[in-house]
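The values are calculated or read from the model by the stated rules, or taken from the named source; none is laboratory data. These numbers were taken from a predicted model, which means no experiment stands behind them. A quick note on method: Cβ atoms are made from the backbone with ideal geometry, for glycine too, and the neighbour counts reach across all protein chains shown.
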Amino acid sequence: MSFVSLLEPDAGVVARRALIVEGLSKIIGPEALVIDEDGRRAFETDALTAYRRVPLVVVLPRTTEEVSRVLRYCHDNGLKVVPRGAGTSLCGGALPGEDTVVVCVSKMNRVLELDYVNRTARVEAGITNLAISGKVAAQNFFYAPDPSSQLACTLAGNLAMNSGGAHCLKYGVTTNNVLGLKMVLIDGTVVEFGGTHLEPAGYDFLSLVIGSEGQFGIVTEATVRILKKAEGARPMMVGFSSPEAAGQCVAGIIGAGIIPVAIEYMDKPAIQVCEAYAHAGYPLDAEALLIIEVEGSPSEIEMLLARITEIAAKFEPKSIEVSSDEDQSAKIWAGRKAAFGAIGRIADYYCMDGTIPLGQLPMVLGRISEICTGYGLKVANIFHAGDGNLHPLILYNANDPDEASKAESAGADILKLCVEAGGCLTGEHGVGIEKRDLMTVQFSPTDLAVQMRIKTVFDPDWLLNPGKVFPLEVSAAARQAA
Amino acid sequence: MIAQLAASSRPAEIVGHGSLRGVGRPIADDLTITTASLRGVTLYQPTELVMSARSGTPLAEIEAELASQGQMLAFEPMDLGPASGGPAGAQTIGGVFASNMPGPRRISAGGARDHLLGASAVNGRAELFKSGGRVMKNVTGYDVARGLTGSWGTLAVLSEVTFKVVPMPEATLTLAYAGLPDDLAVEAMTAAMGTPYDISSAAHLPKGSAARLSDQKLAALGTSLTLIRLETFASFIAGRSGKLKEALKVYGGPLQLGAEQSQSVWSDIRRLNVMPFSPDTSLWRISTTPTKAPEIVAAISRFMTTHAVYDWSGGLIWLEVPAAADAGSADVRRAVAVRGGHATLIRAAPQVRHTVEVFEPMKPEVERLTRGLKAAFDPGHMLNPGRMYAGL
């Protein structure tokens, strides 16, 4: 796959490489740099592996002060910078260029302060998502956003993409769980937004920075909300004979005033593959499966699951099964969370991330099937049904360039369909380079101009994470003015 | 209309129904743009928990429509009408998001900013733009819509907003602990928030504020009241309140306020009925770390007579102070600066709001970005010039 055109590297910068390495080495020390080609190759791509570029040099700072010195150097020398966490971006958000300095914050992974009384944790941004919950687990607290890559992905990357997860129906996404940020601007200025209080002062810079895909600055510290774990949680599975019935059941549950912590949808191909992998007991005869999880005390859980069972019964389910114990619950979730890996065992896949209004689900799934069949490709669908976030996985053979290009075309058609249905291009993965050229489908030239002006406020020279988010022809004028 | 203004370089004050006009620095210009005629709910899908409305739609109309489907705004927006000397229920949905002042349920459900899904707006360049959308999860492009919350109409005039709504709880119960001093009250409230029982809000009314409750029986107790609200399914209430009382037993046995009394006390807080309008007092809103709140109030109270309401388990203080020439600004700002957080002068005479900083003064690096943002949206300073900061 190589649909998206990347910025041409600046030959002058590439030619000055030795000088730049020496300059950075002086201000941060050689041990904080990755200089050799093999080392740099580890940073050539992210989880969108079809695109690869070996960066000029990689910097691994340990403190905010070091990040500040590095960025000031890059700013003063007109060098482009690509911020990086763990490199798990599915949209090419961390893809470098041959002329870019990669600033990877993964060494900055300490917990700085835990305050259980005020329910906040101050951490360095390179900490992994799951490590935050791990640090507070002994007190029965957790950090709520739970992207599927949570074992590996950093908070820095979550902040850049405003990551979600399966449980955000109840607990919200990253932007709803962050109270304060410390960020280094491209000229080295360190700025703080918010704090340990609930509402920020002045303009809401937290909202603007979270989800800005590393284009406004490099976040080095964050204060996040930690929450007390529920007394317990239990999932149930309901199999349906059609996507319509499953969609109506979700509407029925929410219409009855019940907001489960998660409602996950899988279509038949996804059910088959995941069951073969995880042996979770998914109903193989169902066209659509809902995994619905509720929280509370044992008696509360029983009452909620009974109510949901009553509602589901109205939509002629093929099967209803409430998890009987911890072991089965773990299996049910293991199957869902391993879905991408399980599908990866049978074919290469291209994962899309549109969001649609729930009511459009049957129409959209029907059209997705038509689109993929039209390209001669198979597709499996995973859907965060509670919040409308749809992950079609288009199956293809990566060694066949023709099929790869068809998969990318089918993906673009699907995202256009999501926008047409009243939704959006990306619910939680971000735009990066992958969806960059589709931004004009969702936004008018004015909408994009308004966004690009904000970028210019933070990064007047357009040095941070270049060539992402905005189509190159749309950003050309702003970049040249820089 | 803004295009005409931009062409004539004529700045204007932006209002909905004008219920928040008394907040912020006074605007010198005699020209006013109102969104009051931009009215009506344009989309409501109860099963998708989403509603869109034109910005001038009265909040009361929106809440009534939501209630007809058993739903509500989770963040329970503050109604500053009574505290500003006006009627309750006058604000518009645009004003709700432009001011971002959520009420008691903020601590569990998030603020106005957390529920905004998308917006259309006109900036000072007379450009109509949109951001976000109508779906819950959306990271397509920068989060401009959310970034407009709390900008008080100084960046753009909202024309339509789309927001998340939630089901109303089946049942409500409030535990009221009498006689706790402020520091113990905050300790009890943060302890409650640290339980897994989904507390929806926690507020503390010191004696003087509790005496002003509409509920005569509670007002007559003559003690402080620490209020902890449970909102959930009817069959959960007894079990949860029992466990909560057990967890908080060191703070004594609470009164149990049923649905009606509960509704009354939380409405008093949301409408600030306990801080009624008076020309003899000014009103501050202080956002801080919960456990710092009692110290902040005590520090300020050394210099002046105060009445406080602690909401968000202490994270939000509404503080009534005497109407001095600077509304106690120097003492309030110093007390907050030392302990972290920020303060906004919500009510004071126009000449006071003209001379003292109404919003928290900014650090230089934040001010630089703030000026940059204002210039990006409204380079000619057409929209609410000077409302938040002098010269901006």
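What single numbered condition from (1) over 16 Å from A:Ala156 (Cβ atoms); (2) in the same structural domain as A:Gly165 (by TED's automatic domain parsing); (3) assigned to a loop (DSSP other than H, G, I, E, B) fails to hold for A:Glu98?
(2)
Give the residue, chosen from A:Asp413, A:Asp437, A:Asp387, A:Asp400, that is modelled with pLDDT under 95 and under 23 Å from the mean Cα position of the chain (by Cα).
Values: A:Asp413 fails: modelled with pLDDT under 95; A:Asp437 fails: modelled with pLDDT under 95; A:Asp400 fails: under 23 Å from the mean Cα position of the chain (by Cα).
Only one candidate qualifies: A:Asp387.
Could you figure out which of (1) touching a residue at least 40 places away in the same chain (Cβ under 8 Å); (2) under 30 Å from A:Ile218 (Cβ atoms) isn't true of A:Ala481?
Status for A:Ala481: all satisfied but (1).
What are the residue pairs meeting all of these: first residue in region A:232-258, first residue in the same structural domain as A:Ser297 (by TED's automatic domain parsing), second residue acidic (Asp, Glu) and part of a helix (DSSP H, G or I), Cβ atoms under 8 Å, and 6 or more apart or on different chains?
Cβ pairs passing all conditions: A:Ala251/B:Glu48; A:Ile254/B:Glu48.
For region B:147-173, which positions are within 11 Å of chain A (Cβ to nearest Cβ), assigned to a loop (DSSP other than H, G, I, E, B) and not acidic (Asp, Glu)? Give the steps one after another, and end with the answer.
Of the residues in region B:147-173, the ones within 11 Å of chain A (Cβ to nearest Cβ) are B:147-152, B:154-156, B:162, B:164-170.
Imposing the further condition that a residue be assigned to a loop (DSSP other than H, G, I, E, B) reduces the set to B:149-152, B:154-155, B:165, B:168-170.
Selection gives B:Thr149, B:Gly150, B:Ser151, B:Trp152, B:Thr154, B:Leu155, B:Val165, B:Met168, B:Pro169.
Could you say which residue among B:Pro364, B:Pro322, B:Pro350, B:Pro379 is touching a residue at least 40 places away in the same chain (Cβ under 8 Å), surrounded by fewer than 16 Cβ atoms within 10 Å (Cβ to Cβ) and within 14 Å of another protein chain (Cβ to nearest Cβ)?
Numbers: B:Pro364 fails: touching a residue at least 40 places away in the same chain (Cβ under 8 Å); B:Pro322 fails: within 14 Å of another protein chain (Cβ to nearest Cβ); B:Pro350 fails: within 14 Å of another protein chain (Cβ to nearest Cβ).
Going through B:Pro364, B:Pro322, B:Pro350, B:Pro379 in turn, the sole match is B:Pro379.
Take the conditions out of contact with any His (no Cβ under 9 Å at 6 or more places or on another chain), surrounded by 21 or more Cβ atoms within 10 Å (Cβ to Cβ), within 11 Å of chain B (Cβ to nearest Cβ) and closer than 25 Å to A:Pro147 by Cα and apply them to A:Gly359. Does it pass? Reasoning before the result, please.
Numbers: out of contact with any His (no Cβ under 9 Å at 6 or more places or on another chain): yes; surrounded by 21 or more Cβ atoms within 10 Å (Cβ to Cβ): no; within 11 Å of chain B (Cβ to nearest Cβ): yes; closer than 25 Å to A:Pro147 by Cα: yes.
So A:Gly359 fails the test.
Which residue pairs have Cβ atoms closer than 6 Å, lie 6 or more positions apart in sequence or on different chains, and pair a first residue in region A:382-409 that is farther than 30 Å from A:His167 by Cβ with a second residue that is of a type in the set (Asp, Glu)?
A:Tyr396/A:Asp348; A:Tyr396/A:Glu403; A:Asn397/A:Glu403; A:Ala398/A:Asp348
Please note which helices (runs of 4 or more DSSP H) are completely contained in region B:321-392 and include at least 1 residues that are modelled with pLDDT of 95 or more and within 21 Å of B:Pro294 (Cβ to Cβ).
Numbers: elements: B:329-339, B:350-355, B:364-377.
Per the criteria, B:329-339.
Which one is surrounded by the fewest Cβ atoms within 10 Å (Cβ to Cβ), of the residues in region B:111-146 that are more than 7 Å from chain A (Cβ to nearest Cβ) and outside any strand (DSSP E or B)?
Looking at the filtered set, the residue picked out is B:Ala126.
Just checking, does region B:38-53 include any residue being assigned by TED's automatic domain parsing to the domain that holds B:Lys130, under 28 Å from B:Trp284 (Cα atoms) and not hydrophobic (A, V, I, L, M, F, W, C)? Please lay out each step first, then the result.
As a first pass, look at region B:38-53 and keep what is assigned by TED's automatic domain parsing to the domain that holds B:Lys130: B:38-53.
Right, trim to under 28 Å from B:Trp284 (Cα atoms) and you get none.
The answer is no; no qualifying residue exists.
Anything in region A:283-319 that is in a helix (DSSP H, G or I), more than 18 Å from B:Tyr197 (Cα to Cα) and among the β-branched types (Val, Ile, Thr)? List them, or say none.
Across region A:283-319, the qualifying residues are A:Ile308, A:Thr309, A:Ile311.
I'd like the full set of residues that are under 27 Å from A:Val191 (Cα atoms), of a type outside the set (D, E, K, R) and either in contact with a helix residue (DSSP H, G or I) (Cβ under 8 Å, 6 or more places away or on another chain) or within 7 Å of chain B (Cβ to nearest Cβ) (or both), limited to region A:430-458.
A:Gly430, A:Val431, A:Leu448, A:Val450, A:Gln451, A:Met452, A:Ile454, A:Thr456, A:Val457, A:Phe458
The rows are residues; the columns are (1) outside any helix (DSSP H, G or I); (2) in contact with a His (Cβ under 9 Å, 6 or more places away or on another chain); (3) not aliphatic (A, V, I, L, M).
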| position | (1), (2), (3) |
| --- | --- |
| A:Leu395 | yes, no, no |
| A:Asp402 | no, no, yes |
| A:Lys406 | no, no, yes |
| A:Ala410 | no, no, no |
| A:Asp413 | no, no, yes |
| A:Lys416 | no, no, yes |
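With (1) in contact (Cβ under 8 Å) with a residue 60 or more places away in the chain; (2) more than 24 Å from A:Phe205 (Cβ to Cβ); (3) away from every other protein chain (no Cβ under 14 Å) as the list, and B:Leu49 as the residue in question, which single condition is left unmet?
(3)
Just checking, how many residues over region A:12-47 are part of a helix (DSSP H, G or I) and within 28 Å of the chain's Cα centre (by Cα)? Quick ask: steps written out before the conclusion?
Residues of region A:12-47 that are part of a helix (DSSP H, G or I), as a first pass: A:12-15, A:17-28, A:30-32, A:37-41.
Filter once more, keeping what is within 28 Å of the chain's Cα centre (by Cα): A:32, A:38-41.
Selection size over region A:12-47: 5.
Can you name the residue in region A:123-154 that is assigned to a loop (DSSP other than H, G, I, E, B), free of Cβ contacts under 8 Å to residues at least 40 places away in the same chain and out of contact with any Gly (no Cβ under 9 Å at 6 or more places or on another chain) and, of all such residues, is surrounded by the fewest Cβ atoms within 10 Å (Cβ to Cβ)?
Our first condition is that a residue be assigned to a loop (DSSP other than H, G, I, E, B); within region A:123-154, this holds for A:125-127, A:140, A:143-153.
Now restrict to residues that are free of Cβ contacts under 8 Å to residues at least 40 places away in the same chain: A:127, A:145-146, A:150-151.
Subset that is out of contact with any Gly (no Cβ under 9 Å at 6 or more places or on another chain): A:127, A:151.
On the way: A:Ile127: 27, A:Leu151: 12.
For region A:123-154, the residue satisfying everything is A:Leu151.
Regarding region A:270-277, can at least one residue be identified that is within 14 Å of another protein chain (Cβ to nearest Cβ) and either within 19 Å of A:Lys331 (Cβ to Cβ) or not in a helix (DSSP H, G or I) (or both)?
Going through region A:270-277, the residues within 14 Å of another protein chain (Cβ to nearest Cβ) turn out to be none.
No.
Name the residue that is farthest from the other protein chains (Cβ to nearest Cβ), counting only residues in region A:191-219 that are within 17 Å of the chain's Cα centre (by Cα) and more than 17 Å from A:Arg122 (Cα to Cα).
Start the filter on region A:191-219 by keeping residues that are within 17 Å of the chain's Cα centre (by Cα), which leaves A:207-215, A:219.
Still in the list and also more than 17 Å from A:Arg122 (Cα to Cα): A:207-209, A:211-215.
Values: A:Ser207: 4, A:Leu208: 4, A:Val209: 9, A:Gly211: 5, A:Ser212: 6, A:Glu213: 8, A:Gly214: 12, A:Gln215: 8 Å.
Here the answer is A:Gly214.
For region B:182-196, indicate whether the set of residues that are surrounded by fewer than 24 Cβ atoms within 10 Å (Cβ to Cβ), more than 7 Å from chain A (Cβ to nearest Cβ) and part of a strand (DSSP E or B) is non-empty.
Checked against the condition, which is being surrounded by fewer than 24 Cβ atoms within 10 Å (Cβ to Cβ), more than 7 Å from chain A (Cβ to nearest Cβ) and part of a strand (DSSP E or B), region B:182-196 yields no hits at all.
Yes or no: A:Ile343 of a type in the set (A, V, I, L, M, F, W, C) and either within 14 Å of another protein chain (Cβ to nearest Cβ) or not in a helix (DSSP H, G or I) (or both)? Step through it out loud before you land on a result.
Details: of a type in the set (A, V, I, L, M, F, W, C): yes; either within 14 Å of another protein chain (Cβ to nearest Cβ) or not in a helix (DSSP H, G or I) (or both): no.
Answer is no for this residue.
Conditions first: (1) buried (at least 24 other Cβ atoms within 10 Å of the Cβ); (2) more than 10 Å from every other protein chain (Cβ to nearest Cβ); (3) in a loop (DSSP other than H, G, I, E, B). A:Gly164 passes all but one, so which condition is the exception?
With (1) buried (at least 24 other Cβ atoms within 10 Å of the Cβ); (2) more than 10 Å from every other protein chain (Cβ to nearest Cβ); (3) in a loop (DSSP other than H, G, I, E, B) applied to A:Gly164, the lone miss is (2).
I'd like the residue in region B:212-231 that is over 15 Å from B:Gln261 (Cα atoms) and surrounded by fewer than 20 Cβ atoms within 10 Å (Cβ to Cβ) and, out of all such residues, is farthest from the other protein chains (Cβ to nearest Cβ). Walk me through how you get there before you give the answer.
Of all residues in region B:212-231, those over 15 Å from B:Gln261 (Cα atoms) come to B:222-224.
Within this subset, residues satisfying the condition of being surrounded by fewer than 20 Cβ atoms within 10 Å (Cβ to Cβ) are B:222-223.
Numbers: B:Gly222: 30, B:Thr223: 24 Å.
Of everything passing the filter in region B:212-231, B:Gly222 is farthest from the other protein chains (Cβ to nearest Cβ).
Is one or more of the residues making up region A:181-190 more than 10 Å from chain B (Cβ to nearest Cβ), within 15 Å of B:Asp114 (Cβ to Cβ), assigned to a strand (DSSP E or B) and touching a Gly at 6+ places or on another chain (Cβ under 8 Å)?
Scanning region A:181-190, I find no residue that is more than 10 Å from chain B (Cβ to nearest Cβ), within 15 Å of B:Asp114 (Cβ to Cβ), assigned to a strand (DSSP E or B) and touching a Gly at 6+ places or on another chain (Cβ under 8 Å), so the answer is no.
What is the residue count in region B:254-309 for residues that are of a type in the set (D, E, K, R) and either closer than 19 Å to B:Ala348 by Cβ or within 14 Å of chain A (Cβ to nearest Cβ) (or both)?
Going through region B:254-309, the residues of a type in the set (D, E, K, R) turn out to be B:260, B:268, B:270-271, B:280, B:285, B:292, B:295, B:302.
Restricting the remaining residues to those that are either closer than 19 Å to B:Ala348 by Cβ or within 14 Å of chain A (Cβ to nearest Cβ) (or both) gives B:280, B:285, B:292, B:295.
Qualifying residue count for the region: 4.
Quick check on region A:285-299: of everything there that is without any contact (Cβ under 8 Å) to a residue 60 or more places away in the chain and surrounded by fewer than 21 Cβ atoms within 10 Å (Cβ to Cβ), which residue is nearest to A:Pro243 (Cα to Cα)? Give the derivation first.
As a first pass, look at region A:285-299 and keep what is without any contact (Cβ under 8 Å) to a residue 60 or more places away in the chain: A:285-289, A:291-292, A:299.
Pick out the ones that are also surrounded by fewer than 21 Cβ atoms within 10 Å (Cβ to Cβ) and you get A:285, A:287, A:299.
Working: A:Asp285: 13, A:Glu287: 7, A:Ser299: 31 Å.
The extreme case among them is A:Glu287.
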